[in-house]
Amino acid sequence: MKVFTLMILFAAFLLPGSFSQQIPEGYILQYQQNFSAGKSLGDFQFTTLRQWGLHAIKGNYYLQLSDENPADGMPSPPQNLAVLKNHIFGDFILEADIMPYADLTGFKEACLFLGLKDTGKYYYIHLTADIDSIRSGIYVLKNASVKKLTEIDIPSLAWKEDKWHKVRIERNIISRTIRVFVDNMTMPLMYIKDYELVMGSIGFGSAKCGVRFDNIRVWAPTVISEE
């Protein structure tokens with residue numbers, strides 16, 4: 001029985017999807033943040049500073065974007081960004097906990113940004129609840145134009161306002177791929193292969209709604225300092 005169990009575990013390890021739970025050889029933890037210290041806000045540059053801040057639930061601190069002044073409609077591209085300063089990544093793996101919360105219409109969403117050169121050139125991943133799953137996808141902003149790169153509608157997400165959801169992004173600049181995992185770390189929710197952008201900063205935010213971020217970790221073979 002023990003031999004049979006070990007064979008099953010070994011086979012599961014060899015499955016292609018199991019790689020998504022591993023950190024590749026040569027990757028180093030380049031950044032981590034749990035927002036337990038007030039100075040953690042200094043790691044980020046905010047496009048809408050007054051709407052960002054540190055909050056806590058039962059002693060657990062996190063970064064929160066307030067929805068006190070939600071935008072009319074759905075801005076494209078998203079305007080609310082918290083960009084990690086002084087970290088330029090090529091290949092990387094990003095993991096974070098995300099807790100979205102609904103606006104007055106019940107809409108829930110979150111955005112993650114990568115390959116960010118400036119506010120006019122970057123990729124962004126738009127995660128939305130099942131109320132409007134058609135907007136979920138990977139987009140590129142370039143030359144003042146937004147293009148959706150994922151060709152099919154993304155399965156709806158069962159966002160829960162009182163639950164932290166695990167999100168993982170795997171970026172490979174050699175193969176030019178981006179893979180996105182939400183809660184299920186063995187099956188990517190989104191996948192693209194695109195050659196538009198290469199290295200850049202990463203960021204967190206939203207197009208319209210409030211959202212919370214916590215336990216950010218970024219692994220990469222190397223990181224370039226802007227200073």
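The values are calculated or read from the model by the stated rules, or taken from the named source; none is laboratory data. What you are looking at is a predicted structure, and each value in this text was computed from that prediction instead of being measured. Heads up, the Cβs are rebuilt from the backbone with ideal geometry, glycines too, and the neighbour counts pull from every protein chain shown.
Here are the numbers for this structure:
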read-out	value
Any pair with Cβ under 8 angstrom, 6 or more apart, that starts in segment 134-154 at a residue that is closer than 15 Å to Pro188 by Cβ and touching a residue at least 40 places away in the same chain (Cβ under 8 Å) and ends at one that is basic (Lys, Arg) and surrounded by fewer than 19 Cβ atoms within 10 Å (Cβ to Cβ)	Gly137/Lys148; Ile138/Lys148
Selected residue (only one of Leu116, Leu127, Leu104 is crowded, with 24+ Cβ neighbours inside 10 Å and either of a type in the set (Gly, Ala, Ser) or modelled with pLDDT under 95 (or both))	Leu127
Residue tally, condition of a type in the set (Lys, Arg), in contact with an Asp or Glu (Cβ under 9 Å, 6 or more places away or on another chain) and exposed (fewer than 15 other Cβ atoms within 10 Å of the Cβ), over segment 171-196	1
Any hit, segment 31-41, residues being assigned to a loop (DSSP other than H, G, I, E, B), modelled with pLDDT under 85 and not charged (D, E, K, R)	no
